[in-house]
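K.L.:
I am attaching a structure below and will ask some questions about it afterwards.
Laboratory data are not the source of any read-out in this text; all were calculated from the coordinates shown. Since we're looking at a predicted model, the values are computed, not measured. Heads up, the Cβs are rebuilt from the backbone with ideal geometry, glycines too, and the neighbour counts pull from every protein chain shown.
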Amino acid sequence: MEAIYILWLRELKRYSRSRSQIVASLGQPLLYLLVLGFGLGPVFQKAGGGSYLQFMAPGVIGMTVLFSSVFSGIALMWDRQLGFLKETLVAPVPRLEIVIGRTFGAATVAVIQGLLVTTVCLIAGFRPVSISGVPLGLLFLALIAIVFAGLGTTIGSSLQDMQGFPLVMNFLVLPIFFLSGALFPLDHLPRALSVVTSGDPLSYGVDGLRAALIGRSHFGPIADLLVLGAFAVTLLCVGAWRFSKIEI
Amino acid sequence: MILVKGLVKRFGDFTAVDNISFEVAHGEIFAFLGPNGAGKTTTIKMLTTLLPPTSGTLEIDGLNPADEQHEVRKRFGIVFQDPSLDQEMTAWENMQLHAVLYHVPAKLRRERAEQLLRMFELWERRDDLVKKFSGGMKRRLEIARAFLHTPKILFLDEPTLGLDPQSRNQLWTHVKDLNRSEGVTVFLTTHYMDEADRVAHRLAVIDHGKIVATGSPAELKNQTGKESLEDAFLSLTGTAIREESAGSADQMRQVAKIWRR
């Protein structure tokens, strides 16, 4: 158990020391929030969708958690190439404990990052409809973080080197974001797109956040919770399995 | 302490380790020598539970590394050929993390870490990030770390690669001291024959996966009729240069340097 804790703590320490990265990682969400939020806002309003900023803030929070947790998971590959992973893999500790510590460390970092962006959203004018939805929002934040930290661990354990990174970015992470309904409502979509979006875990994460924070939902919060929970368990298992197959 | 009998490791058609046998006694400093690609690292990986052998017998302190992974892992410390420190953490944090992973009792962690950091002259720099350390300091830290859980055996895979003569000399002095004071058995590989000559009680030479000679440095020199261990080594393994292609890890380290991580 102590091994899980120390590896979890390591992720947090490394995060807290990378100040420039923290600031840099806030840039993209800020850009989406300001450019799209204020740029497309009037059009969205005219179409009868209400405030676009209100609508999009949960999407931007979800995006931040997605990127942050996937990248923290992929950092596994750096540890592998730069050697530190060997130190943990040759220790008398079950690999399951190592992968749990790392993955939950990555998820925790992503939650913190998500809270930072939430603060930025609040400053920009985003207002949750009620305080009572906040705990549920936190739960969704944590679930999104766990799902994608599991995905990050899976990818980080499977990639041999940096060459595969653009592939993962362009064909997995970005599509997950763009097809999630973070930027547009999921109602009345063309059939094909609607099928794809409902297979995207982030759709349920962002929808859950919207249900909790702005009281608007496509799937319903119960369905969101169940689907996200299933994704979390599955990806954690796959991640642990891929991690157990790493050879050094 | 280490017993190897008829050990074989095949990767597909390629036989990396071909039916080797040797023993290392308790408290001995044993050097395992051979040209690049001779099978040294593969053998160390099998001894340290990282790779299952194709066939043959292995014993570490009476235990089989393939069956009793955790028990065996508690008994040895290892310094890999490539660095395995967390560069973004301090020397002290690296030590503490290791202490937890190796179940060093909480009471002993600080005391033992301090003792080793002082011994390896890193105590003053304990709160500095490892990425600010020189190559020699990083190596010293890795060896100090490997001793933290009082292992019975220490594996050193080319620990002095890329170090200047001063650092190499100092490093071996520490290892010999700890060998004497704590009675730790040392299993090392190196390409510097003068080091092996000076440090090792006994050595084995491996080439193309087979052991071609074993004995004390003096015995090997006698056996080949050469003055230096370097000449003895060359006469045992020939003068042809072994080509090795860079692995993905080497390529990545280049990328990492550019990315400054």
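K.L.:
Determine, yes or no, whether B:Arg145 is away from chain A (no Cβ under 14 Å) and charged (D, E, K, R).
P.N.:
No: the conditions fail for B:Arg145.
K.L.:
Checking the condition of a type in the set (Ser, Thr, Tyr) and under 19 Å from A:Ser25 (Cβ atoms), which residue from A:Thr108, A:Thr88, A:Thr154 passes?
P.N.:
A:Thr108
K.L.:
I would also like to ask the following. Write out, first by first residue and then by second, each pair whose Cβ atoms fall under 6 Å of each other, whose residues are 6+ apart or on separate chains, and whose first residue, in segment B:97-117, is touching a residue at least 40 places away in the same chain (Cβ under 8 Å) while the second is part of a helix (DSSP H, G or I).
P.N.:
Close Cβ pairs (under 6 Å, with a partner that is part of a helix (DSSP H, G or I)) amount to B:His98/B:Arg145; B:Ala99/B:Arg109.
K.L.:
If you go through segment A:159-170 one residue at a time, do you hit one that is buried (at least 18 other Cβ atoms within 10 Å of the Cβ) and within 14 Å of chain B (Cβ to nearest Cβ)?
P.N.:
yes
K.L.:
Next question, about the same structure. Given segment B:71-172, what helices (runs of 4 or more DSSP H) lie entirely inside it while holding 1 or more residues that are under 24 Å from B:Ala25 (Cα atoms) and among the charged types (D, E, K, R)?
P.N.:
Because the criterion is at least 1 residues that are under 24 Å from B:Ala25 (Cα atoms) and among the charged types (D, E, K, R), the helices (runs of 4 or more DSSP H) in segment B:71-172 that meet it are B:135-147.
K.L.:
Taking B:Arg139, is it loosely packed, with under 14 Cβ neighbours inside 10 Å and within 18 Å of B:Thr90 (Cβ to Cβ)?
P.N.:
Taking the combined requirement at face value, the residue does not satisfy it.
K.L.:
Would you confirm whether any residue within segment B:34-41 is facing chain A (nearest Cβ under 10 Å), crowded, with 19+ Cβ neighbours inside 10 Å, within 14 Å of the chain's Cα centre (by Cα) and part of a loop (DSSP other than H, G, I, E, B)?
P.N.:
No.
K.L.:
For segment B:66-80, enumerate the residues that are touching a residue at least 12 places away in the same chain (Cβ under 8 Å) and within 14 Å of another protein chain (Cβ to nearest Cβ).
P.N.:
Those that are touching a residue at least 12 places away in the same chain (Cβ under 8 Å) and within 14 Å of another protein chain (Cβ to nearest Cβ): B:Gln69, B:Val72, B:Arg73, B:Lys74, B:Arg75, B:Phe76, B:Gly77, B:Ile78, B:Val79, B:Phe80.
Residue-by-condition table, conditions (1) more than 14 Å from chain A (Cβ to nearest Cβ); (2) crowded, with 24+ Cβ neighbours inside 10 Å:
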residue: B:Ile44; (1), (2): no, no
residue: B:Leu47; (1), (2): no, yes
residue: B:Thr54; (1), (2): yes, no
residue: B:Glu59; (1), (2): yes, no
residue: B:Asn64; (1), (2): yes, no
residue: B:Glu88; (1), (2): no, no
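K.L.:
Consider A:Arg10 against the criteria (1) over 20 Å from the mean Cα position of the chain (by Cα); (2) among the basic types (Lys, Arg); (3) crowded, with 20+ Cβ neighbours inside 10 Å: it satisfies all of them except one. Which criterion is unmet?
P.N.:
(1)
K.L.:
Mind telling me which of the residues A:Phe243, A:Phe231 ends up being assigned to a helix (DSSP H, G or I), in contact with a Lys or Arg (Cβ under 7 Å, 6 or more places away or on another chain), touching a residue at least 12 places away in the same chain (Cβ under 8 Å) and not charged (D, E, K, R)?
P.N.:
A:Phe243
K.L.:
If you don't mind, there's one more thing I want to ask. Return a yes/no flag: does segment A:42-52 have any residue that is away from every other protein chain (no Cβ under 14 Å), of a type outside the set (Lys, Arg) and surrounded by 20 or more Cβ atoms within 10 Å (Cβ to Cβ).
P.N.:
For segment A:42-52, residues away from every other protein chain (no Cβ under 14 Å), of a type outside the set (Lys, Arg) and surrounded by 20 or more Cβ atoms within 10 Å (Cβ to Cβ): present.
K.L.:
Which residue, of A:Val109, A:Val93, A:Val99, is in contact with a Phe, Trp or Tyr (Cβ under 9 Å, 6 or more places away or on another chain), hydrophobic (A, V, I, L, M, F, W, C) and in a loop (DSSP other than H, G, I, E, B)?
P.N.:
Just one listed residue meets the conditions, A:Val93.
Conditions tested, residue by residue: (1) more than 14 Å from chain B (Cβ to nearest Cβ); (2) more than 19 Å from B:Glu93 (Cβ to Cβ); (3) not hydrophobic (A, V, I, L, M, F, W, C).
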| site | (1), (2), (3) |
| --- | --- |
| A:Lys13 | no, no, yes |
| A:Val70 | yes, yes, no |
| A:Gly83 | no, no, yes |
| A:Thr88 | no, no, yes |
| A:Val93 | no, no, no |
| A:Thr103 | yes, yes, yes |
| A:Gly114 | yes, yes, yes |
